[in-house]
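Okay, structure first, notes after.
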Amino acid sequence: MARTRRKRAPEHENHERWLVSYADFITLLFAFFTAMYAISSVNEGKYKIVSESLYRAFSPVDAQPMHIVEESEFVEKPARSMAEEFQNAFSTDYKEIVSAVKQIETDSKVAVIYEKNKVTIRLPDSLLFGVGGAKLMDSGLEMLDEVGRMLKRLPNSVRVEGHTDNIPIKTDSFPSNWELSGDRALNILKYFISEHSVEPRRLSATGFGEFRPVSSNNTASGRAKNRRVDILILGQGHDS
C-alpha cells in the first residue's frame, strides 16, 4: 500500500523581523550615548594615561613624555615681591641703594618710585629751575647735592630725563620744549660730574619734552606734575 506524504503546512511570513534590526539599532544608540557621557566625565587619571600613550604612539622613540597640565597649575601664582625683583635687578647691594634713597624720600617735594629694573627719583621743575629756564637755582642745589653724594657711591648707571608740560615755548634759547627739557637734564648731569665727581661713563641725559606726561595737561595741577626731572638709577644689565 503506497505511503502517502503529508503536505507541509505553508510557512507564514514573519512580519515582526524588523524588531530585531530595531533592537540592534537601539542597542547601538545606547552604546553611543554611554560613550558620549563617559567622554564628558573624563577621569583625570585615565585621561593622563590615554594622553601620554597617544603622545608616545605618535612621537619619535626618543621623545620626552608629554607634560600633562595639572588643574592646580592653572591657578595664578603670586607675583614675586617687589623686594625680590628689586634685589635681582640691583645685585646684593640693593639695601645700600634703598637706604640712600630713603634719605631723599623724606623730602615732601620729591617722589621715589621703585620698579623692577630701576628706581626713579622725581623732582618737580619748580624746585630746580625758574619758569621757562634751564639754569639751576640755588634753592634746588641742596637736594641735588644729596642725590649726587648718593650716586657717587653707587655702581649703577644713571639716566637724567627732562620733561615739560604741553604749553609751547619759543625763545631764543629754547625754540621748543625739546630743547628746554634736554638742557635741564644736561645741566643736572654736568652738576653731578663737576660737584660730586660722579663717573661720566655712568651718566646720560635725555629730553622728552611734553611727550611722556604722567598726568593730564588739561589742569594746572596736572601740568605741574608733568614739568619734572626724573633721575633713574638703573638695575644691572640696564645701561643708560
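The values are calculated or read from the model by the stated rules, or taken from the named source; none is laboratory data. Keep in mind that what you see is a predicted model, and the values were worked out from it rather than measured. A quick note on method: Cβ atoms are made from the backbone with ideal geometry, for glycine too, and the neighbour counts reach across all protein chains shown.
Annotations for the structure displayed:
- Sole exception among (1) part of a helix (DSSP H, G or I); (2) at pLDDT below 90 for L154, by number: (1)
- In the range 212-224, the residue that is nearest to L127 (Cα to Cα) out of those that are in contact with a strand residue (DSSP E or B) (Cβ under 8 Å, 6 or more places away or on another chain) and not aliphatic (A, V, I, L, M) is P213.
- Of everything listed in (1) in contact with a helix residue (DSSP H, G or I) (Cβ under 7 Å, 6 or more places away or on another chain); (2) part of a loop (DSSP other than H, G, I, E, B); (3) modelled with pLDDT under 90, the single unmet condition for Q87 is (2).
- Residue match in the range 200-208 (condition: in contact with a Lys or Arg (Cβ under 9 Å, 6 or more places away or on another chain), surrounded by 14 or more Cβ atoms within 10 Å (Cβ to Cβ), hydroxyl-bearing (S, T, Y) and in contact (Cβ under 8 Å) with a residue 12 or more places away in the chain): yes
- Against the numbered list (1) in a loop (DSSP other than H, G, I, E, B); (2) in contact (Cβ under 8 Å) with a residue 40 or more places away in the chain; (3) touching an Asp or Glu at 6+ places or on another chain (Cβ under 9 Å), G132 comes up short only at (3).
- Enumeration of residues in the range 157-203 that are at pLDDT 95 or above, part of a loop (DSSP other than H, G, I, E, B) and over 24 Å from N217 (Cα atoms): S197, V198, E199
- Restricting attention to the range 177-195, the residues being surrounded by 17 or more Cβ atoms within 10 Å (Cβ to Cβ) and over 13 Å from S157 (Cβ atoms) number 13.
- Members of the range 101-122 found to be out of contact with any Lys or Arg (no Cβ under 7 Å at 6 or more places or on another chain) and touching a residue at least 40 places away in the same chain (Cβ under 8 Å), listed by number: V101, Q103, I104, K116, N117, K118, V119, T120, I121
- Residue that is farthest from M143 (Cα to Cα), among those in the range 167-217 that are hydroxyl-bearing (S, T, Y) and within 32 Å of the chain's Cα centre (by Cα): S216
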